[in-house]
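These notes concern the structure reproduced below.
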Amino acid sequence: MAISPNQARVSGIDLGLDGRRRNGHELLAIPGVLTDHLLALEPALLGVDFESLIQAGREALYVTYIERQGRDIEALARDLNVQIPDGFEYFGISGLSSEMTSKLSLARPRSLGAAKNIEGITPAALTAVLLRLKSHQLRKAI
């Protein structure tokens, strides 16, 4: 199944006219597209078990979120290797609570991965530290 934007529009799917053909899985990933739309586009699907079509629709809706989570996990793994320089100042980091500031200042972790292992340090605190580290790197580069 390879459906053009014009074919999709005829079946009631609001799709941009970009000329790109999409398969059924890609179409089901579009909010509002139902298995009924696919059945209208491809009558051969009438022979497929209805529950299988419903499950394919569910999977198509969530695949983009799962892929994004995978990319987020990869980015986090890279970020945990970011080194924190000696003498790094935690005070005044926007979004960092005084409790987090105190814990990080006392522990003086050498990397974000080490900071992650400090009891009570939140993902939001790690993000705030990472943003400060990246802004320092950017300023040094300029």
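The values are calculated or read from the model by the stated rules, or taken from the named source; none is laboratory data. Since this is a predicted model, take the numbers as computed values, not measurements. For neighbour counting, all protein chains shown are included, and Cβ atoms are generated from backbone atoms with ideal geometry for every residue, glycine included.
This table checks each residue for (1) at pLDDT 90 or above; (2) out of contact with any Ser or Thr (no Cβ under 6 Å at 6 or more places or on another chain); (3) assigned to a loop (DSSP other than H, G, I, E, B).
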residue	(1), (2), (3)
15	no, yes, yes
45	yes, yes, no
52	yes, yes, no
57	no, no, no
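Looking only at residues in the range 26-80 that are charged (D, E, K, R) and over 30 Å from residue 112 (Cα atoms), which one is nearest to the chain's Cα centre (by Cα)?
Looking at residues that are charged (D, E, K, R) and over 30 Å from residue 112 (Cα atoms), I get 59.
Does the range 64-75 contain at least one residue that is more than 30 Å from residue 33 (Cα to Cα) and either assigned by TED's automatic domain parsing to the domain that holds residue 29 or modelled with pLDDT of 85 or more (or both)?
Looking through the range 64-75, at least one residue is more than 30 Å from residue 33 (Cα to Cα) and either assigned by TED's automatic domain parsing to the domain that holds residue 29 or modelled with pLDDT of 85 or more (or both).
Please specify each residue of the range 8-27 satisfying the condition of being in contact (Cβ under 8 Å) with a residue 12 or more places away in the chain and touching a Leu at 6+ places or on another chain (Cβ under 7 Å).
Within the range 8-27, 8, 11, 13, 24, 27 meet the criteria.
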